[in-house]
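Colleague: Before I ask anything, let me first share the structure, which is written out below as structure tokens.
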Amino acid sequence: MVALLFILFAGLAVGCALSMVVQRNPLYSAISLIGVFISLASLYVMLAAPFIAAVQIIVYAGAIMVLVVFVIMLLNVEEEVRRTLRLRFLIPTAVLLAAVLIAEAAFVIYSVQSEGKPLQDPSTSEVGLTASIGTGLFTTYLLPFEITSVLLLMAIVGAMTLARRATQIPDNAIIIPGAQVLPKHTIDPNVVEDPTPVITHTTAEAAEAMGEEDPHDLSKID
Amino acid sequence: MDWNSPLVQVILRLVAITVAFVGVLMIVAYTVLAERRVLAFIQGRLGPNRVGYGGLLQPFADLLKFILKEDIVPDKSTRFVYFLAPVIAIVCALMTMIVYPFGPEITLPWIGHIQLVITRFDVALLYVLGITSVGVYGIALAGWSSNNKYSLMGGLRSSAQLISYELSLGLSLVGVILMSGTLDLYAIVEQQSGWNGMQWNLFRLDRFQLLGFIVYLISAIAETNRVPFDLPEAETELVAGFHTEYSAMKFALFFMAEYVNMLTVSMLATTLFLGGWNGPGVASIPILGVFYFLIKVIFFLFLYIWLRGTLPRFRFDQLMNFGWKFLLPVAILNIIFSATWAYFNVFGSMN
């Protein structure tokens with residue numbers, strides 16, 4: 001039973017991973033990656049680590065990939081066309097790195113087998129339960145836990161600072177309410193070099209700055 | 001017969017899950033009917049009352065119509081994703097149903113003691129949150145694959161709204177988890193069985209969770225895309241939002257998913273705040289627990305319908321401001337407050 005489920009979920013994970021790499025459409029790749037995460041979570045459940053499985057689903061499948069899908073949808077990224085390979089040198093590097101990874105996995109399997117310990121039944125283990133993970137985090141591993149939280153806080157503050165700077169309006173632009181943001185020289189070609197902004201707060205002021213009549217001036221209408 | 005052999009257990013579970021799904025879909029069908037009748041009552045109309053006595057067979061008439069309608073697939077849609085989206089929506093909605101305890105331990109004649117919950121596990125609450133967060137893809141992908149600007153706008157709005165309110169929803173539950181010390185829903189319900197079945201988390205002064213409950217209730221309405229947070233399907237701006245291009249049974253799947261999600265958040269509120277199946281007299285007559293559970297869930301469902309008949313819709317910027325600048329800080333405040341309350345333990349343990 002367990003072997004059957006393992007083959008099912010492992011096969012699904014490998015299949016989705018391959019599909020992620022092969023797909024041309026970025027959204028299909030993203031969906032395949034979600035499939036990989038969900039199959040991995042199922043494997044964690046079978047290894048008696050339900051907490052890791054739940055966190056895997058919540059953080060990766062539920063939060064990060066939603067953002068990825070969101071961005072792909074928002075930018076409407078088109079299907080990738082086959083380009084001439086500029087980065088040709090990456091192919092041997094990729095093969096080399098894959099070989100190193102496989103060698104590593106093989107070494108782990110070999111060293112575990114050479115230890116000669118009997119296989120443990122994961123369903124009797126307490127390690128993956130929420131309570132034991134919580135106890136571990138707040139006693140033995142308290143310092144790494146706190147350092148990680150400081151790191152996360154720094155990332156949040158950094159993201160906010162960057163996002164805020166991007167929305168600042170440059171000094172040499174003026175804002176015309178109800179119209180659009182125009183560079184200053186479109187109003188007066190003589191002041192291209194002049195960096196001082198002309199700020200108008202109402203449509204009437206904007207019309208005056210542009211040398212036109214106020215379109216909303218009621219006294220001009222008979 | 002050996003009741004503990006793995007094969008029998010698997011078959012029993014499968015039967016239980018099937019029964020639960022059918023039960024849930026029946027409740028959903030009659031919630032739709034109740035919604036139409038109650039809304040009609042609020043608006044001074046009659047509502048559907050022709051099929052069966054007082055309209056009681058209306059859901060089946062609707063279902064028949066959904067099945068028989070032509071299934072239209074837009075020419076320029078992304079075929080595979082277009083088919084996948086409603087499936088994701090309904091599967092994610094139904095998958096959470098298996099963890100809610102709907103009754104206490106009862107004794108059956110030649111079977112013995114059984115707990116009225118389909119499955120119990122260590123991280124039931126996280127499982128619910130995880131599966132509901134995956135449900136966002138159903139809506140987002142439906143909006144994208146329809147190749148329609150209204151659908152895309154609806155899908156984008158909806159995913160933005162769900163991501164924003166998921167945070168305050170999750171954080172509002174931390175208080176309860178902190179006080180209960182477990183994520184197992186059955187254990188959380190069992191802890192609330194004192195005071196002759198009225199020691200609910202909402203009423204216990206040693207677990208003061210009123211703030212958390214209010215934040216949860218508001219975020220839950222936003223999570224299920226209901227009025228006043230139903231911007232993803234604002235018909236005055238977006239035709240029907242993400243499901244504009246869906247017809248026949250695919251539309252019905254989205255429709256059912258929305259109501260199953262309503263049921264999910266109602267059940268979670270009942271379980272965590274209103275004592276689940278607890279109530280007066282459950283200790284002596286256990287089967288009464290199922291009745292109490294249903295009454296509480298129906299109360300929340302009625303609340304949803306009532307709100308729909310009462311409130312106007314938010315504007316999108318108001319929605320985002322409310323979620324991020326008000327609800328989220330209040331939820332965080334509730335965590336700090338709960339932790340302090342638990343640490344100083346003013347009222348002592350009330351057990």
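Colleague: Give the residues of the stretch B:172-192 that are open to solvent by less than 10 Å² (accessible area, probe 1.4 Å) and in contact with a strand residue (DSSP E or B) (Cβ under 9 Å, 6 or more places away or on another chain), sorted by residue number.
Modeller: Hits for the stretch B:172-192 are B:186, B:189.
Colleague: So, one more: On the basis of being under 22 Å from residue B:39 (Cα atoms), open to solvent by 10 Å² or more (accessible area, probe 1.4 Å) and under 18 Å from the mean Cα position of the chain (by Cα), does residue B:265 make the cut?
Modeller: Judged against the criteria, residue B:265 is a match.
Colleague: Mind checking which pairs have a first residue in the stretch B:58-75 that is of a type in the set (A, V, I, L, M, F, W, C) and a second that is open to solvent by less than 90 Å² (accessible area, probe 1.4 Å), Cβ under 7 Å, 6 or more apart or different chains?
Modeller: So the pair list comes out as B:61/B:51; B:66/B:248; B:66/B:249; B:66/B:252; B:67/B:249; B:72/B:247; B:73/B:82.
Colleague: Of the residues that sit in the stretch A:49-62 and are more than 7 Å from chain B (Cβ to nearest Cβ) and either under 11 Å from residue B:133 (Cα atoms) or in contact with a helix residue (DSSP H, G or I) (Cβ under 6 Å, 6 or more places away or on another chain) (or both), which one is most open to solvent (accessible area, probe 1.4 Å)?
Modeller: Step by step, filter the stretch A:49-62, then rank; the result is A:60.
Colleague: Identify, by number, the condition in (1) facing another protein chain (nearest Cβ under 9 Å); (2) of a type in the set (Val, Ile, Thr); (3) part of a helix (DSSP H, G or I) that residue B:182 doesn't meet.
Modeller: The failed condition is (3).
Colleague: Follow-up question, since we're still on this one. How many residues are open to solvent by 40 Å² or more (accessible area, probe 1.4 Å), at pLDDT below 90 and out of contact with any helix residue (DSSP H, G or I) (no Cβ under 6 Å at 6 or more places or on another chain) if we restrict to the stretch A:6-35?
Modeller: 5
Colleague: Continuing with the same structure: I want to confirm something. Restricting to the stretch A:1-41 and keeping residues that are out of contact with any Cys (no Cβ under 9 Å at 6 or more places or on another chain) and among the polar types (S, T, N, Q), which single residue is nearest to residue A:67 (Cα to Cα)?
Modeller: A:29
Colleague: Within the stretch B:40-62, which residues are at pLDDT 85 or above and in a helix (DSSP H, G or I)?
Modeller: Scanning the stretch B:40-62 gives B:40, B:41, B:42, B:58, B:59, B:60, B:61, B:62.
Colleague: Still on this structure: Is it the case that residue B:12 is of a type outside the set (Phe, Trp, Tyr) and closer than 30 Å to residue A:1 by Cβ?
Modeller: When the stated conditions are applied, residue B:12 passes them.
Colleague: Scanning for something touching a strand residue (DSSP E or B) at 6+ places or on another chain (Cβ under 7 Å) and open to solvent by less than 10 Å² (accessible area, probe 1.4 Å), does the stretch B:196-208 turn up at least one residue? Before you say what the answer is, go through the steps one by one.
Modeller: Let us first name the residues in the stretch B:196-208 that are touching a strand residue (DSSP E or B) at 6+ places or on another chain (Cβ under 7 Å), namely none.
No, there is no match, as no residue in the stretch B:196-208 is touching a strand residue (DSSP E or B) at 6+ places or on another chain (Cβ under 7 Å) and open to solvent by less than 10 Å² (accessible area, probe 1.4 Å).
Colleague: Looking at the stretch A:18-34, which of the residues that are within 11 Å of chain B (Cβ to nearest Cβ) and part of a helix (DSSP H, G or I) is nearest to the chain's Cα centre (by Cα)?
Modeller: The residue in question is A:30.
Colleague: Okay, next question. Within the stretch B:100-134, track down each residue that is within 12 Å of another protein chain (Cβ to nearest Cβ), touching a residue at least 60 places away in the same chain (Cβ under 8 Å) and touching an Asp or Glu at 6+ places or on another chain (Cβ under 9 Å).
Modeller: B:120, B:121, B:122, B:123, B:124, B:125, B:132
Colleague: In the stretch B:295-307, is there at least one residue being touching a residue at least 12 places away in the same chain (Cβ under 8 Å), over 19 Å from residue B:159 (Cα atoms) and more than 20 Å from the chain's Cα centre (by Cα)?
Modeller: Taking every residue of the stretch B:295-307 in turn, none turns out to be touching a residue at least 12 places away in the same chain (Cβ under 8 Å), over 19 Å from residue B:159 (Cα atoms) and more than 20 Å from the chain's Cα centre (by Cα).
Colleague: May I ask you to list the residues in the stretch B:136-166 that are outside any helix (DSSP H, G or I) and either buried (at least 24 other Cβ atoms within 10 Å of the Cβ) or at the interface with chain A (Cβ under 7 Å from one of its Cβ atoms) (or both)?
Modeller: Taking the stretch B:136-166 first, the residues outside any helix (DSSP H, G or I) are B:146-148.
Within the stretch B:136-166, just B:146 meets the criteria.
Colleague: crowded, with 19+ Cβ neighbours inside 10 Å, assigned to a helix (DSSP H, G or I) and away from every other protein chain (no Cβ under 11 Å): does that describe residue A:39?
Modeller: yes
Colleague: So residue A:65 ticks every box in (1) surrounded by 19 or more Cβ atoms within 10 Å (Cβ to Cβ); (2) at pLDDT 90 or above; (3) within 13 Å of another protein chain (Cβ to nearest Cβ) but one. Which box is left unticked?
Modeller: Exception for residue A:65: condition (2).
Colleague: Take the residues in the stretch B:3-41 that are more than 19 Å from residue B:265 (Cα to Cα) and of a type in the set (S, T, N, Q); name whichever of them is least open to solvent (accessible area, probe 1.4 Å).
Modeller: Selected residue: B:5.
Colleague: A further question on this structure: Counting just the residues of the stretch B:63-99 that are in a helix (DSSP H, G or I) and of a type in the set (D, E, K, R), which one comes out nearest to the other protein chains (Cβ to nearest Cβ)?
Modeller: B:79
Colleague: Which pairs do you get when a residue that is in contact (Cβ under 8 Å) with a residue 60 or more places away in the chain, found in the stretch B:176-190, comes within reach of a residue that is crowded, with 18+ Cβ neighbours inside 10 Å and basic (Lys, Arg), reach meaning Cβ atoms under 6 angstrom, with the pair 6+ apart or on two chains?
Modeller: B:179/B:207
Colleague: Mind listing just one residue for me: the one in the stretch B:292-339 that is assigned to a loop (DSSP other than H, G, I, E, B) and not aromatic (Phe, Trp, Tyr) and, of those, modelled with the highest pLDDT?
Modeller: B:311
The values are calculated or read from the model by the stated rules, or taken from the named source; none is laboratory data. Note that this is a predicted model, so its numbers are computed, not measured. Note: ideal-geometry Cβ built from the backbone for every residue, glycine included; neighbour counts use all protein chains shown. We work out accessible area using only protein heavy atoms, side chains counted, and drop any ligands, DNA or RNA first. Shrake-Rupley method; radii C 1.70, N 1.55, O 1.52, S 1.80 Å.
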